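Asks: Below you will find the structure I want to go over with you.
The values are calculated or read from the model by the stated rules, or taken from the named source; none is laboratory data. This structure is a prediction, so every number in the text was calculated from the model and none was measured. Note that each Cβ is placed from the backbone with ideal geometry, even for glycine, and that neighbours are counted across all protein chains shown.
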Ligand code: SAM
């Protein structure tokens, strides 16, 4: 029987995580981060393990050589084991960005950003799946920064980056607090949607709500724009109703002042659980001296990604837009 490289890696990550989960009495995701770190360091780092467990792990680790796998195989296998762990412990706002959306981000980043080298920020980096998908689909030199509030997710992101050999700079903090990073040329984010509980901190934002909690996705957009160089592009996964909520007027105002809308790509509803959770990719460009708005924004309703014929037509339409506006 032929086993694919992703399956081989999945089995290794899964089986060694299960061993560690049992011995360390921790969650599967924590054990996964531990086994990933062991693999990257080429050593068994947990001191509390029995001799027998160390032997079992060593044997399993010695059966695969990580440098024989491509980054995409490593990312996909790691993604599958994380999904398995997330099923045990479902948290709606922590979900990983799926591949289909990651690939679209990769395509858009490549199309919009012409610089051979640039700085890229993901302020809601989660497990790093979206960020590393974009990095794996680019042949430019990207210095990447990821910020994440959840300590287990950022550990997974860091292990994920190490296994794929991406030198990403990570910060484990609330992205809406002060960020001590150099300005970036681009931002990508699958935004956390909902209310931001810290009203005191929200008061520092133009997009704070006048009554009640502010929308964290609005504050994330403002924080991202603050840290972007003029002319830089920002790509956000946003709810379809972004411009129709009761706080949308302020967002419209903010956008008019600080950025140009370059595009809005509505994703097919079929990739979401239901119509209400359907999302779009919003593309912005920070304004500044000499930065011109596009003649017209790229407004697209993407067909089902499995409909090759319609998808092809749409890609041709998008290519034409790029030629006319970014050529
Ligand atoms: N793109 C990520 C991936 O591929 O794994 C998934 C992003 S997930 C939809 C949104 C992330 O934002 C979650 O991991 C969540 O923990 C994080 N988050 C929510 N509020 C945050 C905050 N105030 N500061 C930093 N991260 C935050």
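Asks: When you go through 134, 109 one by one, which is the residue that is within 16 Å of the ligand (Cβ to nearest atom), crowded, with 21+ Cβ neighbours inside 10 Å, without any contact (Cβ under 8 Å) to a residue 60 or more places away in the chain and under 23 Å from residue 181 (Cβ atoms)? Can you show your working first?
Replies: Working: 109 fails: without any contact (Cβ under 8 Å) to a residue 60 or more places away in the chain.
Result: 134 is the single residue among 134, 109 that is within 16 Å of the ligand (Cβ to nearest atom), crowded, with 21+ Cβ neighbours inside 10 Å, without any contact (Cβ under 8 Å) to a residue 60 or more places away in the chain and under 23 Å from residue 181 (Cβ atoms).
Asks: Here's another thing I want to ask about it. Given the criteria surrounded by 21 or more Cβ atoms within 10 Å (Cβ to Cβ), out of contact with any strand residue (DSSP E or B) (no Cβ under 6 Å at 6 or more places or on another chain), farther than 29 Å from residue 11 by Cβ and modelled with pLDDT of 95 or more, does residue 145 qualify?
Replies: On the way: surrounded by 21 or more Cβ atoms within 10 Å (Cβ to Cβ): yes; out of contact with any strand residue (DSSP E or B) (no Cβ under 6 Å at 6 or more places or on another chain): no; farther than 29 Å from residue 11 by Cβ: yes; modelled with pLDDT of 95 or more: yes.
When the stated conditions are applied, residue 145 does not pass them.
Asks: With the condition kept exactly as written, say whether any residue in the range 68-85 is in contact with a strand residue (DSSP E or B) (Cβ under 8 Å, 6 or more places away or on another chain) and within 11 Å of the ligand (Cβ to nearest atom). Explain how you work it out, then say what you get.
Replies: Here is the first cut: in the range 68-85, the residues in contact with a strand residue (DSSP E or B) (Cβ under 8 Å, 6 or more places away or on another chain) are none.
Within the range 68-85 (the criterion being in contact with a strand residue (DSSP E or B) (Cβ under 8 Å, 6 or more places away or on another chain) and within 11 Å of the ligand (Cβ to nearest atom)), the answer is no, since none of the residues qualifies.
Asks: Part of a helix (DSSP H, G or I) and free of Cβ contacts under 8 Å to residues at least 24 places away in the same chain, is that true of residue 54? Even if it seems obvious, please write down each step before you answer.
Replies: Details: part of a helix (DSSP H, G or I): yes; free of Cβ contacts under 8 Å to residues at least 24 places away in the same chain: yes.
Judged against the criteria, residue 54 is a match.
Asks: Just to be sure before I move on: is residue 139 modelled with pLDDT under 95 and either at negative phi or near the ligand (Cβ under 9 Å from one of its atoms) (or both) in the structure I sent? Spell out the reasoning first.
Replies: Working: modelled with pLDDT under 95: yes; either at negative phi or near the ligand (Cβ under 9 Å from one of its atoms) (or both): yes.
Yes: the conditions hold for residue 139.
Asks: Taking the criterion of being at negative phi, touching a helix residue (DSSP H, G or I) at 6+ places or on another chain (Cβ under 9 Å), free of Cβ contacts under 8 Å to residues at least 24 places away in the same chain and exposed (fewer than 13 other Cβ atoms within 10 Å of the Cβ), would at least one residue in the range 69-91 satisfy it?
Replies: For the range 69-91, residues at negative phi, touching a helix residue (DSSP H, G or I) at 6+ places or on another chain (Cβ under 9 Å), free of Cβ contacts under 8 Å to residues at least 24 places away in the same chain and exposed (fewer than 13 other Cβ atoms within 10 Å of the Cβ): absent.
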